[in-house]
Amino acid sequence: MLERKLVFGSLLVGLSVSLLWPAAVNADEAEGLRIATERKSRNSGWEDTVASTTMVLRDARGKESERELRVYTLERADEGDKSLTVFESPADVKGAAFLSFSNTLTPDDQWMYLPKVKRVKRIATQNKSGPFMSSEFAYEDMTSFELEKFKFDYTGDDEFDDQEVFVVEQTPVDKYSGYSKQIAYIDQEHYRLLKMDFFDKKGDLLKTLILDDYELYLDAYWRPHTSEMFNEQTGKSTAMYINDIEFKTGLKDSDLDKDSLKRAR
Amino acid sequence: MKLTNVAGLLLATGLLSQSYPVNAEVEYSGVFTVEQRFFLQDAAFPEQARAQTSLTVTPEVFYDWNDGYDRITFKPFMRVDQYDDERTHADIRELMWLHAADSYEFKAGIGKVFWGQTESLHLVDVINQTDAVERVDGEEKLGQPMVSASYLMESGAISVFVMPYFRERTFAGEEGRLRPLVPINNDNAVYESEDEQQNIDFAIRWQQTLGDWEVGLSYFDGTNREPLLLVDGAIETNDLLLRPYYQQMQQVGADLLWVNGAMLYKLEAIHRKTDLQSFYAAVGGFEYTTVGVFDSVYDIGWLMEYQYDERDNSFFAPAQNDLMVGLRWVWNDPDGTQVLFGYVQDLDDTNTYSGFVEASSRMTDNWKFTINGYFFSADSPTDPYYVVRRDDHLEINVEFFF
């Protein structure tokens, strides 16, 4: 609880500071792209990960509901990553699985597997702004970060959670994105995303994502063990906790395709 | 499946699990359901009741080894019905050994396979027999004994199936609703093949994703899962007998899905040949989904599918020239609430239509309820829905997952 309050505290500071910036600093697209490229390149070469994750949904009154997920991710060099999410709870959706190929230039390819009817269903990806598993994360928040999906704009430096950060405004290229823009707070030392503000199509602040409890793996790759998405308009929030993550497990393309989707556990 | 077979299979799995190391991980899960059906009209036949309670249990045992590349799933099923002796039944939904590798998959045992893309009809999907006493929409299937191998290539997945045993469709009994004048009598089933249930069926399927397209082609040669009805005797002489007649068939099927923005276009088409019939049938349409309607978190999906069949209307094939419209309402709440409304109109006869509502939501992590409603309209005895014209019903299920 104390931790939560601290996060909220720093969030408020971050927000008030960021509101002052646009007037004071000139936009710099080249610098924005440089920061984003550095962020992307520092997080490349990890090959694959297998993570067991707990997702906690909280409604405006604080009522919680939990679900367990297993997430397999495979890095692809020139395209977006592949990921396979297997639902372990609640019990009625156990064995259901979601397969996503994040593409850089074309819309993502997504499929859902329904174990009860043994059916693989293709999903219309234009609806990327829809909620993922009733959470505050949208489908588009769950796909990998790709440079081609945004236009970047560096808006200045700031401080967040006692760390020096770059503030980069990123505008989704896809007109079907649910966001007009996102403001990313990236720490200057490791180029990790610490916080992101999401603005809806009307330009109002919709959600804030706080990424915390970063741990370093294989001396190169930082992963946040807590990611919490706050919906600023409804008061609901969703926290994702990584309980356990393994790198370079030897996943292959054939472990993340429509055929393996049917036998995901 | 005879009880002796079930016992044999149970014994076999017991032996299998004992022959693996003691530290092996076995997962147990399952679902227990209480179902209450309420019929909205007085029954057409005196033996039938207005309300019907039943219980089901579906435990599942899962065991894997070799890093999950080998696995056995055992999923028996049983329903006990208050009145209907035929609806009280047991089945092995799954008892399957699966061996997976990078480029192939091998399966042997009893299981379920789904083929196709459309929602309102499943023409292409012919591997499993329909467990027709379970649900009116025909979505519940009996376990099919099979050996199958899939070869997974860049150019798609090719699967071959050999099915050594045929499962008869289940039909409501004397005291069950949703049946014709007299129950369809499975004990007097007639087969075209002299091997009867032991006829060996074959199937082959190719499935591939090509960008925004999902493409499937299939061929099936074996016993038609959908029987014809043979009529013996007469109602006047009190010896009317309806016997299912299972013919041999060859069916070519194609299924297609195209993603275009928020729209999914779906199509299934078949050509089926039996000794008595040779015909085309097809179903095609779209599903369009809007997320966050009216600034809410709700998703609304619109479905429309047109159904075409060269055959005349019949009890098993009512979709000659029919249109289905549907609406899927997804709440995106933590309880996973969703409601599906559907309406099917026969375009040849305005008085023939049916409607359904299927709603479900979680109560806790382990408890879930569903409320389904099915409504039929027909006014002439030649109508496919005529036999079920008084069987409109609501079905409430409470499910416990363990």
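Just so you know, all these numbers are worked out from the coordinates, no wet-lab data involved. This one's a predicted model, so the numbers in the text were calculated from it and none came from an experiment. Cβ placement follows ideal geometry from the backbone for every residue including glycine, while neighbour counts extend to all protein chains displayed.
Some points to look at:
- Karplus 3J(HN,Hα) series, Hz, for segment B:127-140 with 6.51 cos²θ - 1.76 cosθ + 1.60 (x for Gly, Pro): 6, 9, 6, 6, 8, 5, 6, 6, 9, 5, 7, x, 7, 8
- Summarising the overall dimensions of segment A:2-261 from its C-alpha atoms, the Rg and Dmax are 18.0, 58 angstrom.
- The angle between the Cα long axis of helix A:29-42 and the longest principal axis of the Cα atoms of chain A comes to about 40 degrees, rounded to the nearest 10.
- Put in line by how crowded their Cβ is, counting other Cβ atoms within 10 Å and starting with the fewest, B:SER314, A:SER65 read B:SER314, A:SER65.
- Among A:LYS195, B:LYS75, a tally of other beta-carbon atoms within 10 Å of each Cβ gives an order, fewest to most, of B:LYS75, A:LYS195.
- Shielding by partners, peptide A:239-245 (average Cβ within 10 angstrom, other chains): 0
- Rounded to the nearest 10 degrees, the inclination of helix A:2-24 to the longest alpha-carbon principal axis of chain A is 50 degrees.
- As a calculated quantity, the FRET efficiency between A:ASP162 and B:SER296 at R0 = 30 Å, using C-beta atoms, amounts to about 0.20.
- Packing-based ranking of A:88-94, A:231-237 yields A:88-94, A:231-237, ordered from highest to lowest mean Cβ neighbour count within 10 Å.
- Anisotropy class of segment A:160-265 from Cα gyration tensor, a/c 1.5 cut: oblate
- Efficiency of FRET between B:GLN197 and B:TRP367 - r from beta-carbon atoms, R0 51 angstrom, step 0.05: 0.85
- Rounded, prolate or oblate (a/c below 1.5 giving rounded, otherwise prolate when a/b exceeds b/c) for chain B by Cα gyration tensor: rounded
- Normalising the average separation of contacting C-alpha pairs (under 8 angstrom, six or more residues apart) by the number of residues puts the relative contact order of segment A:2-261 at 21 percent.
- What you get for chain B, charging only the Cβ of Lys and Arg (+1) and of Asp and Glu (-1), is a dipole of about 460 debye around the Cα centre.
- Each of B:ARG135, A:ARG39 has some number of other Cβ atoms within 10 Å of its Cβ, and from fewest to most they run B:ARG135, A:ARG39.
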